[in-house]
């Protein structure tokens, strides 16, 4: 698109340019000296511009009447440049819209807050599981008589602990899925902005003051593995519950 703008500008101005003063003239369009030099050389190869050597530099200028294209071809080229210019403007508007969306996401709950909440729930889940494991093993080893003498207190404690564990697992799954969903949306928006502009992803993150998970040593695959394991366990528990219910109905 910028190459078409270079051709249009040279044609409209109809005077010699070198890469330096052309880059100065089109600076607002994001055309730099190296880019201008490459576009000028390409346009010469495509026989859309002419050039003359002046010492160590080259002067580029629009084709003159003796070597210019026909009126119809020039008109078609102008229409093409106009179309490309409109496409550039549309792309800039899209980038601006994506930037606003990205800012809106930033103003909501941040990825850092989701990560902190997920880490907290993971820690709580681990603590509960550590408490439940020895209690469960102890209950399984005890005799029925001893359970009855104690009034089933340890069974009640186990039930409460297991209930708390399941609630914690559900909360973890919810928070983790929310984090992954928003992270995926953030990646899509950032990728669109980077693809349609000259801004690098690293510079974009720095500009928006965003700390990435990777920069903080958080491995997404570890959380995904834990999430998948918990969801598989929850499905298995639900299936066992349904099977037990079915067996009771059949027995009745």
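The values are calculated or read from the model by the stated rules, or taken from the named source; none is laboratory data. Remember, predicted model here, so these are calculated numbers, not experimental data. Here the Cβ is made from the backbone with ideal geometry for all residues, glycine too, and neighbour counts use every protein chain on show.
Just a few scattered comments:
- Residues located in region 193-236, provided they are touching a helix residue (DSSP H, G or I) at 6+ places or on another chain (Cβ under 9 Å), over 30 Å from residue 89 (Cβ atoms) and exposed (fewer than 11 other Cβ atoms within 10 Å of the Cβ): 214, 215, 216
- For residue 192, the requirement of being assigned to a helix (DSSP H, G or I) and closer than 17 Å to residue 115 by Cβ is not met.
A quick yes/no check of all residues on (1) at pLDDT 75 or above; (2) assigned to a helix (DSSP H, G or I):
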| position | (1), (2) |
| --- | --- |
| 181 | yes, yes |
| 188 | yes, yes |
| 198 | no, no |
| 204 | no, yes |
| 221 | yes, yes |
| 225 | yes, yes |
| 229 | yes, yes |
| 235 | yes, yes |
| 241 | yes, yes |
